[in-house]
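Worksheet: the structure to be examined is printed underneath.
The values are calculated or read from the model by the stated rules, or taken from the named source; none is laboratory data. Since this is a predicted model, take the numbers as computed values, not measurements. As a convention, Cβ positions derive from the backbone with ideal geometry for all residues, glycine included, and neighbour counts pool all protein chains shown. Heads up: the accessible areas ignore ligands, DNA and RNA and are worked out on the full protein's heavy atoms, side chains in. Shrake-Rupley method; radii C 1.70, N 1.55, O 1.52, S 1.80 Å.
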Amino acid sequence: MSEIRIEHAKKVYSGDNVVIPDLSLTVKDGSLFTLLGPSGCGKTTLLRMIAGFNSIEGGSFYFGDTKINDTDPSKRNIGMVFQNYAIFPHMTVRDNVAFGLKQRKVPKDEIKERTDKYLQLMQISQFADRKPDQLSGGQQQRVALARALVINPDVLLMDEPLSNLDAKLRLEMRQVIRDIQHRVGITTVYVTHDQEEAMAISDRIAVMNHGVIQQVGVPRELYHRPRNEFVATFIGKTNMCNAKLVHIDGVATLVLGEVRLPMSQLNSCTDQDVRVSIRPEEFIKSGEGPFEATVLDSVYLGSTTDYFMKTSFSDRIQVTVESTFEENVRPGETVRLDVNVAKINVLSADGQRNLMEGVA
Amino acid sequence: MQAKRRFDMWTAVTLVIFVLYLLFLVYPIVTVLGRALFVDGKLSLDNFAGFFNNPYYSQTLANSFAVSGMATILALLVGSIMGYLFALFEFRGKTALQILIVIASMSPPFVGAYSWILLLGRNGAITNFMTSILGLPGVEIYGFGGIVLVFTLELFPLVFMYVSGALKNVDSSVLEAAASMGCTGAKRFFQILLPLMMPTVVGAALLVFMRAFADFGTPMLIGEGYRTFPVTIYQEFVSELGGNDGFAAALSIIAIVIALLVFLAQQIVANKFSFTMNSLHPIEPTPVHSWKKVLLYIFVYGVVCIAILPQCYLVYTSFLNTSGMIFVPGYSLKSYTQAFTRMGSAILNTLRIPLIGLAIVLIVGTTLSYVAIRHRNALTRLTDTLGMLPYIIPGTVLGIAFITAFNTGVGGTGFLAITGTVAIMAISFALRRLPYTVRSSEATLRQIPPTIEEAAESLGSSKLNTFLKITVPMMASGIVSGAILTWITMISELSTSVLLYTTRTRTVTVAIYTEVIRGNYGIAAALSTILMVFTVISLLLFMRVSHSKDITMS
């Protein structure tokens, strides 16, 4: 077990294609750390640099106090789980799991004992003597996980391990991974593009875009206090609109269309144009709400209903409300909305900075 | 960056293979080029001028183009139609016919040529039957017609196998969609199926043309006055009187250049037709009725019968009684007894030399394809390209190059003076077959995700261990079936071995050739039958290993 420390990592492909310019981060010992971002953001590249399959063009990588930049992947003592499982198709499940132990010249009876333990832990003992092609995707992923963990690696690296599974299995395996990671207490780096999966599984998440970390934090922080517009829109759904921040009688006030919302937390900010992020569920339908909105369309989703509305500050906003049996607002009707001011995020006009940073 | 700077095992392996190619491919060809370009120690184009200015020689090039072109067109026609009929229609005996077609293609072409002479030649069985009993005029099998006939029958199976493979990738919904828009029958064949088969047909055309262009045995036996280019090269090189190896070298260079041009032209054409297909529902053969059924059976069975006829007739003649070199009435095993007593060593050679060649092909082919796919860099790419070179070098030319280069050792030093040894035969066999093996191994490797090897590495496995325990076993089925095909082509090889053999290293194929030239038809027939038995056993083994009834070529 060890902490992973990355200092000023740099990745350049074929001459001048800089994928990761300068990236630093620390993964705490025993935690599950997720690299989250859209495809092409460099998250898998970074993971493969940690694993040793990608060359490192600059910076230092540490496991604990050991610098591993020049260590061969086979000597880094990592466990890795791949998107396509990478199960050895010509070996039985047991041989797959035992492979790493054999490379380490572990005595025969100990191999059997440790292999059995992990086969049991992953609930795949009954398939031990089968070939992988007779297993389902979920079962194969359990084999991959057992194979990676049985060698007692210092760190566990997982590259989109759930993306090849169907929706239901994905939820199940998500829980399996979370449980086993807790039980073994292994430092884990997990790569995914699925923000919901990241929220559900992670201790901490780094949101990446264009090879740059946009924000690192616990899931709650990322959702409620996104550092910039990219994080706000990438994590969950949100409405981004233009607004003005002015001071009225010394009190910072958000001017959203014709509505003024006092935001005393921002008193220290100067008057400026701002971008406002309001999540769909923070709008409340209320007879006395300050906003007037015209319903354009609605989508019934069971527990909630999504409304698309036109307001004075935006041509189209999304509003999510709890579904009720009687309610049926038709397109063209006008409703009044209130908003949960405490959960509004106010960003600088360029979307690069959250003005509410450090504000509860 | 760090990884690149490291001098790892694979760089070393690539370097070794690269040096081997320099030694056994580049050096011989450069030597031949030197012979061709230097007359009396001076740089001169006299050898080339001598060829193009003398119609006696330059005509042979035109002849070669004529027979190869004609044979290619006919083979494409017959092969494509057969492939189409096999894919779209149901009829009896399909599997047996497929096996017969493959067997027909797996024997050395000159064996077919000599068998046709026995059937349709001046004193041939069918000729005698037609002239003496039916009173019809005889057929002229020698010359242009004969060569084209033999080439076509020998090479259409290749086209058939390629086209069958391509049609397997056509989704039946494509045909159904065409039919739903009113496009059926011949119209559908020309507007939908033919364009879909085009990339394959173009690829097969190249292979067929190259084989026909480079074949030496067939025109030698059946050509008579109709001289083709490879025959000229061979004769110029081996002729005892006034044999001019500088001139033969110049001819060799011309042959390579032509093959290269044809290859490049094919690549350009192939690019135009290139697309990918994926079939979820392969075409299901449908039954046919009435007169169409009759025509179908006549055509399909007719073609296969004609293709297999020479082989059958050889087997038959091998059991005829002989006296000296002449067939006499009655049946006996005399030819076999003579074959084993006089050519026993040749039979042994046909087993051991290709086995050594096969070992080289497997080791070099597997590692070369591995570094070319998994460790792409300038060196591996260059080595990979070098490995493809023998694809365009006619066998006769390679034979000449080897003798020229290694007769007195490398650079005349006596080092590697391997002419006349088993080694030179095995190496030349391996070189000629490597392009096919490397290509098919590379295709197999592309199917294996690299993450599987990374998984092994992440579990602490070294590079060599990963290659031997993970990669090779996963490639195994492809390697084994490829090895059997390699083996079959090696045991029937003639154009190179006919130049490189000595009495100690003579193979069955060479023995058949020399016996045919001597007029010893009984022994030749017996040896051909033995060779055919080897081939059929190997083919059955191939089908067992690859779990398939058909052989797809790559």
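The table below lists the values:
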| item | result |
| --- | --- |
| Residue-count net charge about A:Ala144 - beta-carbon cut-off 13 Å; Lys, Arg +1, Asp, Glu -1 | -1 |
| Residue among A:Ser264, A:Gln195, A:Phe82 farthest towards the positive dipole end of chain A, charges placed on Cβ | A:Phe82 |
| Qualifying chymotrypsin sites (Phe, Trp or Tyr not before Pro) in segment B:389-470, DSSP loop, other Cβ atoms within 10 Å at most 16 | B:Phe415 |
| Mean residue ellipticity (222 nm) of the protein assembly as shown, computed from DSSP H runs ≥ 4 via -39,500 (n - 2.57), nearest 500 | -17000 deg cm²/dmol |
| Normalised contact order of segment A:117-240, rounded percent, pairs of Cα under 8 Å and 6 or more residues apart | 16 percent |
| Charge dipole (debye, nearest 20) of chain B; +1 at Cβ of Lys and Arg, -1 at Cβ of Asp and Glu | 700 debye |
| Residues listed by number, segment B:477-511, amide nitrogen under 18 Å from B:Ala359 label point at 7 Å toward C-beta | B:480, B:483-484, B:486-488, B:490-491, B:505 |
| Overall Cα dimensions of segment A:139-181, principal axis frame, Å, largest first | 30, 17, 16 |
| Model label zone, B:Asn123; criterion: amide N under 19 Å from point 7 Å along Cα-to-beta-carbon; scope segment B:133-157 | B:133, B:138-143 |
| List A:Tyr85, A:Tyr13, ordered by accessible area with a 1.4 Å probe, largest first | A:Tyr13, A:Tyr85 |
| Loop sites in segment B:136-214: chymotrypsin sites (Phe, Trp or Tyr not before Pro), DSSP, at most 14 other Cβ within 10 Å | none |
| The protein assembly as shown, accessible surface, carbon-and-sulfur percent (1.4 angstrom probe) | 59 percent |
| Mean projected area in nm² (Cα convex hull; one quarter of hull surface) for segment A:4-230 | 12.8 nm² |
| R0 of 41 Å, Cβ-Cβ distance A:Asp65-A:His247: FRET efficiency to nearest 0.05 | 0.20 |
| Positive-pole candidate from A:Leu222, A:Gly64, A:Leu36, dipole of chain A, charges at beta carbon | A:Gly64 |
| Those residues of segment A:30-74 for which accessible area with every protein chain present is at least 40 Å² below the isolated value (1.4 Å probe) | A:Phe53, A:Asp70, A:Asp72, A:Ser74 |
| DSSP-assigned coil residues among trypsin sites (Lys or Arg not before Pro) in segment A:303-338, each with at most 14 further Cβ atoms within 10 Å | A:Arg316 |
| Lys, Arg +1 and Asp, Glu -1 on Cβ, resulting dipole of chain A about Cα centre, debye, nearest 20 | 1360 debye |
| Separation of the B:Lys272 and A:Thr26 label points, Cα + 7 Å toward Cβ, nm | 6.5 nm |
| Relative contact order of chain A, defined on C-alpha pairs under 8 angstrom at six or more residues apart (%) | 16 percent |
| Linear extension gain, B:Cys305 paired with B:Val533, 0.36 nm per residue minus alpha-carbon span | 80.2 nm |
| Solvent exposure of chain B as accessible area per residue, Å², 1.4 Å probe | 43 Å² |
| Global form of the protein assembly as shown, assessed from the alpha-carbon gyration tensor, a/c cut-off 1.5 | prolate |
| Residues along segment A:103-131 losing 40 Å² or more of accessible surface when the other protein chains are present rather than the chain by itself (probe 1.4 Å) | A:Gln103 |
| Heavy-atom SASA rank of A:Arg260, A:Arg142 (probe 1.4 Å, accessible area, largest first) | A:Arg260, A:Arg142 |
| Selected from A:Gly15, B:Ser164, B:Leu33, residue furthest toward positive end of dipole (the protein assembly as shown; charges at beta carbon) | B:Leu33 |
| Too-long pairs where the Cα-Cα distance tops 23 Å, listed order kept, from A:Lys108/A:Lys131; A:Lys237/A:Lys285; A:Lys43/A:Lys117; A:Lys43/A:Lys168; A:Lys112/B:Lys469 | A:Lys43/A:Lys117; A:Lys43/A:Lys168 |
| Gap separating the Cα centres of segment A:1-52 and segment B:28-48, nearest whole Å | 59 Å |
| Size of electric dipole in segment B:149-270: Cβ of Lys, Arg +1 and of Asp, Glu -1, about Cα centre, debye, nearest 20 | 520 debye |
| Protection proxy ranking of B:507-515, B:11-19 - average other beta-carbon atoms within 10 Å, highest first | B:507-515, B:11-19 |
| Separation of alpha-carbon centers, segment A:127-147 and segment B:389-445, rounded to whole Å | 46 Å |
| B:Arg432 accessible area, 1.4 Å probe, all protein chains in place, Å² to nearest 10 | 70 Å² |
| Projected area averaged over orientations for chain B, convex hull of C-alpha atoms, nm² | 30.4 nm² |
| Peptide ranges B:302-310, B:350-358, B:33-41, A:266-274 listed from the most packed, as the mean C-beta count within 10 angstrom indicates | B:350-358, B:302-310, B:33-41, A:266-274 |
| Surrounding net charge for B:Thr317, when Lys and Arg each add one and Asp and Glu each subtract one, Cβ distance under 14 Å | 0 |
| Sites B:Ile133 and B:Arg518 - FRET efficiency at Förster radius 30 Å, r taken between beta-carbons, to 0.05 | 0.50 |
| Förster radius 45 Å - calculated FRET efficiency between A:Arg5 and B:Ala443, Cβ distance, rounded to 0.05 | 0.55 |
| Interface size A-B, as summed buried accessible area [1.4 Å probe, Å², nearest 100] | 2000 Å² |
| Neighbour net charge for B:Pro282 - beta-carbon separation under 11 angstrom, K R +1, D E -1 | -1 |
| Computed label-point distance, nm, for sites B:Leu43 and B:Leu541 using a 7 Å Cα→Cβ extension | 5.1 nm |
| Contour excess over end-to-end distance, with Cα ends at B:Phe89 and B:Leu77 and 0.36 nm allotted per residue | 2.5 nm |
| Chain-alone versus full-assembly comparison, segment B:439-457, residues with accessible loss of at least 40 Å² (1.4 Å probe) | B:Thr451, B:Ile452, B:Glu454, B:Ala455, B:Glu457 |
